[in-house]
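The block underneath contains the structure these notes are about, expressed in structure tokens.
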């Protein structure tokens, strides 16, 4: 996607359509950072909704959700006939904010694709039942995919969803279809928060074969449970990233 170009010659940034984080939240985080680090100072106008829709190639609804979060933080104010003005560089809320991202060290040489290794139904193990807050043995949809760019495999992700909440999911082809779009348009799920942790591990035999690396090669493992607006866990994701292509970046703010 096209990047936001902040004032003051700061390097441009763009949204990651492959990320499991909602686009509106990515945009919110980006603007939050620009405001908190002084790129946009108190009294400055931030780009208009129209400008952001055009420059970021996102919907107006996406931009408005991001703006609503900034307004809720007490960072910006909408002024009729003027635009959206920065009124503070520190959020009015007292809660602590921590963000973490697994980032790529290189750009894709060609258009990336996701290969589906398997899409099956499995019974919930004790661990999965605890993560998704269901009974052990509950039927889950299990999606195993590998992201590739050309002949390079970058990461493997395994996703579990409670089967009874996912209409027609076994007929879907998630090598071409967006899983996020399925959540929104078919399951009618809006994600409100996620709990995640990142671990360092060595590649097991199966993952090593799929990623074309040696067993024991270093990986970053991300485990994440995503919750809907009612606080119900809807997805459990486990992703294994090649550490020669990815690194972890964190932002902590008070």
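What follows draws every value from the coordinates through simple rules; no lab data is involved. This one's a predicted model, so the numbers in the text were calculated from it and none came from an experiment. Here Cβ is always computed from backbone atoms with ideal geometry, including for glycine, and neighbour counts include all displayed protein chains.
I need the Debye-formula profile for segment 104-253: one equal scatterer per C-alpha, no solvent, reported as log10 I(q)/I(0) at q = 0.15, 0.18, 0.20, 0.21 1/Å, two decimals.
-0.86, -1.21, -1.40, -1.47
Rounded to the nearest 0.05, what FRET efficiency do residue 45 and residue 229 give with R0 = 35 Å and r taken as the Cβ-Cβ distance? Could you check?
E between residue 45 and residue 229, to the nearest 0.05, is 0.65.
Give me P(r) over segment 135-193, computed from all C-alpha to C-alpha distances, binned every 10 Å, as integer percentages.
18, 48, 28, 6, 0
Would you mind computing Rg(Cα) / (2.2 N^0.38 Å) for segment 11-71, counting N as its residues?
Normalised by 2.2 N^0.38 Å, the Cα Rg of segment 11-71 equals 1.06.
Taking only Cα atoms, what is the 0 to 90° angle, nearest 10, from helix 60-72's long axis to the longest principal axis of the chain?
The two axes meet at around 70 degrees.
At a threshold of 8 angstrom on Cα-Cα distance, excluding pairs fewer than six apart, so keeping six or more, what relative contact order does segment 102-254 reach in percent?
In percent, rounded to a whole number, it is 25.
Helix 23-36 versus the longest principal axis of the chain: what is the Cα-based angle in degrees, 0 to 90, to the nearest 10?
Long axis of 23-36 versus the principal axis of the chain: about 40 degrees.
Please identify, among 194, 119, 230, the residue showing maximal mean-square fluctuation in a Gaussian network model of the chain using a 10 angstrom Cα cutoff.
Top of the fluctuation ranking is 230.
Springs between alpha-carbon atoms under 10 Å, Gaussian network over the chain: tell me which of 107, 66, 203 tops the mean-square fluctuations.
Top of the fluctuation ranking is 107.
In what sequence do 115, 188, 160 fall when counting other Cβ within 10 Å, fewest first?
The most exposed by this proxy come first: 188, 115, 160.
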